[in-house]
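S.K.: Here it is, the structure, as structure tokens.
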Amino acid sequence: MSRVALCTDSSSLLSSAAAATLGVDVVPVPVTLDGEPFDEGMSSLDWFYERLRAGAVATTSQPSPAHFVRAYERAADRGAETVVSIHLDSRVSGVVSSAEAAALASPIPVTVVDTKTVSFGVAACVRTAAQAAARHDSAGDAVMAASRLGTRMQNAFVALGGPGGRVPTVGGWMLLRYAEGAASPVWECASVAEAVERIASLVLRGDRQVTAAVGHAGRALETTADLLAQRLESADSVRAVERYRVGAS
């Protein structure tokens, strides 16, 4: 048993299989759909997106400090001596604040990492932290690895319209980029196919070597996401591409 335990929240999109393999405790982000709780672990994600397409409204809130305290207690019960708790950008969510409040009541020391990124980027930071912790059994190395990767992460996504709030209200298919704590429109596109081409151009510009991940939300866009992944895989500047599913949180 490593003396360093890792924790994250479900907005990281770290899959249950990956979390189990890495030994990461994932605290659920509360999600409501038309005011009713939605359990990502028990309900169909396809049903969730069908409801959204039909006009349902989804909201999220940060987990309470008590939820994080229980996660930290579980780590202590397993024999860990310290916890590294890795979460999404504090500029768009109160998750970091909740984890920091819980750290004060934890039975073992907790270091909270604000990755400055969101979504699957956080999962990548968690994975990198797990690798660093496994090599050296060091909380400091895990914190440094997650923090460094978070600041290097770039995130672009496509939305059809936008509800306002964290995702600006837009018309039609819009390419947005997440940077400096906010999602900003980059290009309004006539179709999702054009938006995908714009994403590819962002990833492939310049002569830098990159590793990419491509996600999709509703099942109707899975094939489109596959095409983008294949396009990136064929580029000399892309070292690797992986796929993921965008969860409700």
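The values are calculated or read from the model by the stated rules, or taken from the named source; none is laboratory data. Model, not experiment: these values are computed from the prediction. FYI the Cβ positions are ideal-geometry reconstructions off the backbone, even for glycines, and counts take in every protein chain you see. Ligands, DNA and RNA are stripped out before the accessible areas are found, and what is left, the full protein with its side chains, is counted by its heavy atoms. Shrake-Rupley method; radii C 1.70, N 1.55, O 1.52, S 1.80 Å.
S.K.: Go through A134, A183 for me and flag whichever is among the aliphatic types (A, V, I, L, M), open to solvent by less than 40 Å² (accessible area, probe 1.4 Å) and either at pLDDT 90 or above or not in a helix (DSSP H, G or I) (or both).
M.R.: A183 is the lone residue from the list that is among the aliphatic types (A, V, I, L, M), open to solvent by less than 40 Å² (accessible area, probe 1.4 Å) and either at pLDDT 90 or above or not in a helix (DSSP H, G or I) (or both).
S.K.: Here's a follow-up. Quick one: which residue in R177, R148, R127 is modelled with pLDDT of 95 or more, open to solvent by 30 Å² or more (accessible area, probe 1.4 Å) and either over 21 Å from S15 (Cβ atoms) or in contact with a His (Cβ under 9 Å, 6 or more places away or on another chain) (or both)?
M.R.: R148
S.K.: Determine which member of the set D46, D34, D25, D39 is surrounded by 15 or more Cβ atoms within 10 Å (Cβ to Cβ) and among the charged types (D, E, K, R).
M.R.: Within the list D46, D34, D25, D39, the selection yields D25.
S.K.: Take A5 and decide whether it is over 22 Å from G140 (Cα atoms) and open to solvent by less than 70 Å² (accessible area, probe 1.4 Å).
M.R.: Considered against the rule, which asks whether it is over 22 Å from G140 (Cα atoms) and open to solvent by less than 70 Å² (accessible area, probe 1.4 Å), A5 comes out as no.
S.K.: Residues R91, R70: which one is assigned to a helix (DSSP H, G or I), among the basic types (K, R) and open to solvent by 50 Å² or more (accessible area, probe 1.4 Å)?
M.R.: The match here is R70.
S.K.: Here is a check on your reading of the model: is S98 at pLDDT 95 or above, out of contact with any Cys (no Cβ under 7 Å at 6 or more places or on another chain) and of a type in the set (S, T, N, Q)?
M.R.: It is true that S98 is at pLDDT 95 or above, out of contact with any Cys (no Cβ under 7 Å at 6 or more places or on another chain) and of a type in the set (S, T, N, Q).
S.K.: Looking at segment 49-67, which of its residues are under 18 Å from S12 (Cα atoms), open to solvent by 50 Å² or more (accessible area, probe 1.4 Å) and out of contact with any Leu (no Cβ under 9 Å at 6 or more places or on another chain)?
M.R.: Matches in segment 49-67: T60, S61, Q62, H67.
S.K.: Here is a further query. Looking for something out of contact with any His (no Cβ under 8 Å at 6 or more places or on another chain), in a helix (DSSP H, G or I) and touching a residue at least 12 places away in the same chain (Cβ under 8 Å) - is there at least one such residue anywhere in segment 23-44?
M.R.: Taking every residue of segment 23-44 in turn, none turns out to be out of contact with any His (no Cβ under 8 Å at 6 or more places or on another chain), in a helix (DSSP H, G or I) and touching a residue at least 12 places away in the same chain (Cβ under 8 Å).
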